[in-house]
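A.B. asks: The structure's right below; bear with me while I get my questions together.
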Amino acid sequence: MAVNNSVNNINTPKSAVTWRKTNKLVKIMNDSFYDLPCPINLNAWWSFGSMLGLCLVIQLLSGLLLSIHYTAHESMAFDSVVHIMRNVEKGWMLRNMHANGSSMFFICIYAHIGRGLYYGSYLDKTVWFFGVHLFLLTMAEAFLGYTLPWGQMSYWGATVITNMLSVIPAVGDGMLRYVWGGWTVCNATLKRFYTLHFLLPFVMVAFVFLHLFFLHEKGSNNPLGIESNTMCIPFHPFYTVKDLFGYVCFGFFFMYLVCVDPELLGNHLNYWPANSMKTPIHVQPEWYFMFAYAILRSIPHKAGGVYIMFLSIAVLYLIPSLHSGKYRSLCFYPLNQLVFWVLVGSLITLTWIGARPVREPYIILGQCFSFIYFSSLLLNPLSLWVWDKLVEYPKRYASRPVDLKWLKVLTAFKLLMFFRLKNTALKWASKQSRL
């Protein structure tokens, strides 16, 4: 895609343009961000991608500074976190930024995925698959980080989640012992999790660059889901301004969590040191894993629950194959917009159910909303196909003037055709066209 040079160079000195275009390193950055051709109709939902980049930078910097003072040992990990909070200069702020930064990360990533589902961005399969890889890496990174404070919920959360490996046939128990480094969650487990937690962000950065590389190769999608090669504007200043506004809104909420209510999205049980002899009444993960946890516990069979839980996340890989519509964006599919919001509502409800005790009526509610979640994903391709059939304009009436009365006739005609009543539909349309 190309942007008119006269658009790029408005009020820009010639020397600056030449330097941006000739310096090899700067040219890469320039073509990727400054002069990047973007569709003219992108809305605020596209700002969540850049917010994810901001989240990643915040997590990398705060995590690096925290690692200076953290001690990965089962007898000292909890005390080292307390030391950071109480004795290190601005340590409380660093720790709150890192802990709440993960929540902000997932808020942005869920909004980013939702935008991709709504506007059909998943049809760029390479970009979508790298995005799903990143999502899974982020979930793994968040789980590993949750265990490091070695509080009561950290310890038992690690025990419950790692035990899921035991459902893998033949090799599950061996893998579990290898991950633990012993016969239970212990000091070796903590050291391994800390090492992986430190290394995984660099893998994530590599995947981010690949994600952006393939995205910029084809260009961004847009709310209408149509080709926009002839309607592009440079990223700067039009979308840098929008992204900066998104950063300001992000900063307000983020700093509220850091400075005013740091435990709003946390769990108070993690302020108790890990005790392997005392199991909490209700072991639960962080809020951003609650939907998967609710699906897990809604299945009475252990292995079945684990498989269904992983399927609820891995189904994102199947989304491009399930698209059956003629158009890309759900802007043209009112029926699918309803299905999409049912999906969002089921995820929010499952998140709430996951935070409730494991008793009735939450068990049956979890099963019902798990069914709704998977049903909405399976109904989406069917409803796309149905809507395309309903709105397809018959060629035999292409020359007929369109008015409100004819639209009503056409609707009845399409419904009759949909239910395979072809002869009745043709007679009905012929009779109405003569009126």
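Where a number appears in this text, it was derived from the coordinates with a stated rule and is not lab data. Treat the numbers as computed from the prediction; the structure is a model and nothing was measured. Neighbour counts run over all protein chains shown; Cβ positions are idealised from the backbone, glycine included.
A.B. asks: In terms of modelled amide H atoms, which long-range or inter-chain residues lie less than 5 Å from the amide H of Cys232?
C.D. replies: none
A.B. asks: Given a Förster radius of 45 Å and the C-beta distance between Val344 and Trp183 as r, what FRET efficiency does 1/(1 + (r/R0)^6) yield to the nearest 0.05?
C.D. replies: Calculated transfer efficiency: 0.60.
A.B. asks: Still on this model: What number comes out for the charge environment of Asp31, summing +1 per Lys or Arg and -1 per Asp or Glu over other residues with Cβ under 10 Å away?
C.D. replies: Computed value for this residue: +2.
A.B. asks: Compute the angle between helix 422-434 and the longest alpha-carbon principal axis of the chain, please, reported from 0 to 90 degrees and rounded to the nearest 10.
C.D. replies: For 422-434 against the chain, the angle is about 60 degrees.
A.B. asks: Label point 7 Å out from Met76 along Cα-to-Cβ: which residues of region 172-193 have amide N under 18 Å?
C.D. replies: Within reach of a label on Met76: 186-193.
A.B. asks: Hey, another quick one. How much FRET efficiency would the formula 1/(1 + (r/R0)^6) give for Ile28 and Glu227, where r is the Cβ-Cβ distance and R0 is 22 Å, rounded to 0.05?
C.D. replies: 0.30
A.B. asks: Which residues make up the longest stretch of the chain clear of chymotrypsin sites (Phe, Trp or Tyr not before Pro) that lie in a DSSP loop with no more than 11 other Cβ atoms within 10 Å, not counting the sites?
C.D. replies: Result, exposed sites excluded: 184-418.
A.B. asks: What spacing in nm lies between the two simple spin-label points modelled at Ser324 and Leu264, each 7 Å away from Cα in the Cβ direction?
C.D. replies: 4.2
A.B. asks: Cross-link partners among aspartates and glutamates for Lys278, C-alpha distance below 14 Å, same-chain residues fewer than 8 apart left out?
C.D. replies: Cα-Cα hits under 14 Å: none found.
A.B. asks: OK, next. Quick one: of Lys27/Lys242; Lys218/Lys326; Lys191/Lys302; Lys21/Lys242; Lys24/Lys326, which pairs are farther than 31 Å apart, Cα to Cα?
C.D. replies: Distance filter (> 31 Å) returns Lys24/Lys326.
A.B. asks: Taking the Cα-to-Cβ direction at His282 and at Asn163 and moving 7 Å from each Cα, how far apart do the two end points lie in nm?
C.D. replies: Roughly 1.8 nm, to one decimal.
A.B. asks: Pick out which of Leu377, Leu25, Leu54 has the largest mean-square fluctuation in a Gaussian network model of the chain, springs linking Cα atoms closer than 10 Å.
C.D. replies: Result: Leu25 has the largest fluctuation of those listed.
A.B. asks: Let me ask something additional. Connecting C-alpha atoms closer than 10 Å in a GNM of the chain, tell me which of Lys389, Lys24, Lys302 has the biggest fluctuation.
C.D. replies: Its mean-square fluctuation being the largest, the pick is Lys24.
A.B. asks: Separate question: Once you've got the GNM for the chain with C-alpha springs shorter than 10 Å, pick whichever of Ala72, Ala412, Ala294 has the biggest mean-square fluctuation.
C.D. replies: Ala412
A.B. asks: Cβ under 13 Å from Arg95's Cβ, Arg95 left aside: what net charge do those residues give with Lys, Arg +1 and Asp, Glu -1?
C.D. replies: 0
A.B. asks: Moving on. Working from Cα positions, state the angle (0 to 90°, nearest 10) between the long axis of helix 187-218 and the longest principal axis of the chain.
C.D. replies: Compared with the principal axis, the helix lies near 30 degrees.
A.B. asks: Could I ask something else about it? So what's the angle, to the nearest 10 degrees on a 0 to 90 scale, between helix 302-314 and the longest Cα principal axis of the chain?
C.D. replies: Approximately 60 degrees, to the nearest ten.
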